[in-house]
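Heads up: the structure comes next, in structure tokens.
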């Protein structure tokens, strides 16, 4: 069963270049009235989002959650999110609604801050206990919703509101994780 969990996580990462390839082709084909590639890219995006939900559910349902698995899942999520947000920021064409550059800075900045913070704390104090919290899951779900919104070319104004809410929750979540990591570091230093 663990092999299936790893397969679902790795599938999510393996679908990144598939989405990018389909997305780039859709941007060119959209100009000639062919939306099939856009819909295929949307389908891949949906599979990526569902795979995130499914592997977490399976790990909890069958009590297969491990620190290594949770870390791999988090890394896969970050790779998907940053890669696809970058695609929607940098890709030019009529097939998808573009995402503004500031949103990429928020998502990438959050992930970079967490990576640096965890790395520094681990080097200084040893292993940390990283527990996925509701705010982290909600922030990830909102990022996927923004991506789906852009892929479906839904109206821009609600998307901006959704991106601001996602950015605020992402910064809030990263701050809570950072404070938790710092508290673990202080507790380890007292020992």
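Summary of values
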| read-out | value |
| --- | --- |
| Residue match in the range 93-100 (condition: surrounded by fewer than 18 Cβ atoms within 10 Å (Cβ to Cβ) and without any contact (Cβ under 8 Å) to a residue 12 or more places away in the chain) | no |
| Search result, residues across the range 22-42 that are surrounded by fewer than 20 Cβ atoms within 10 Å (Cβ to Cβ), in contact with a helix residue (DSSP H, G or I) (Cβ under 9 Å, 6 or more places away or on another chain) and without any contact (Cβ under 8 Å) to a residue 24 or more places away in the chain | 25, 34, 36, 39, 40 |
| Exclusive hit being in a helix (DSSP H, G or I), modelled with pLDDT under 90 and crowded, with 18+ Cβ neighbours inside 10 Å, set 114, 84 | 114 |
| Residue 124 being farther than 19 Å from residue 81 by Cα, loosely packed, with under 12 Cβ neighbours inside 10 Å, over 16 Å from the mean Cα position of the chain (by Cα) and in contact (Cβ under 8 Å) with a residue 12 or more places away in the chain | yes |
| Scan of the range 43-64 for residues that are surrounded by 13 or more Cβ atoms within 10 Å (Cβ to Cβ) and closer than 15 Å to residue 131 by Cα, ordered by number | 56, 59, 64 |
| Test for residue 132: is it outside any helix (DSSP H, G or I) and either touching a strand residue (DSSP E or B) at 6+ places or on another chain (Cβ under 6 Å) or surrounded by 15 or more Cβ atoms within 10 Å (Cβ to Cβ) (or both) | yes |
| Residue check for residue 84: within 20 Å of the chain's Cα centre (by Cα) and more than 23 Å from residue 4 (Cβ to Cβ) | yes |
| Which listed residue, of 79, 67, is within 14 Å of the chain's Cα centre (by Cα), loosely packed, with under 15 Cβ neighbours inside 10 Å and in contact (Cβ under 8 Å) with a residue 12 or more places away in the chain | 79 |
| Of residues in the range 135-163 being farther than 22 Å from residue 44 by Cα and touching a helix residue (DSSP H, G or I) at 6+ places or on another chain (Cβ under 9 Å), the one surrounded by the fewest Cβ atoms within 10 Å (Cβ to Cβ) | 158 |
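The values are calculated or read from the model by the stated rules, or taken from the named source; none is laboratory data. From a predicted model like this one, the values you see are computed outputs, not experimental measurements. Here the Cβ is made from the backbone with ideal geometry for all residues, glycine too, and neighbour counts use every protein chain on show.
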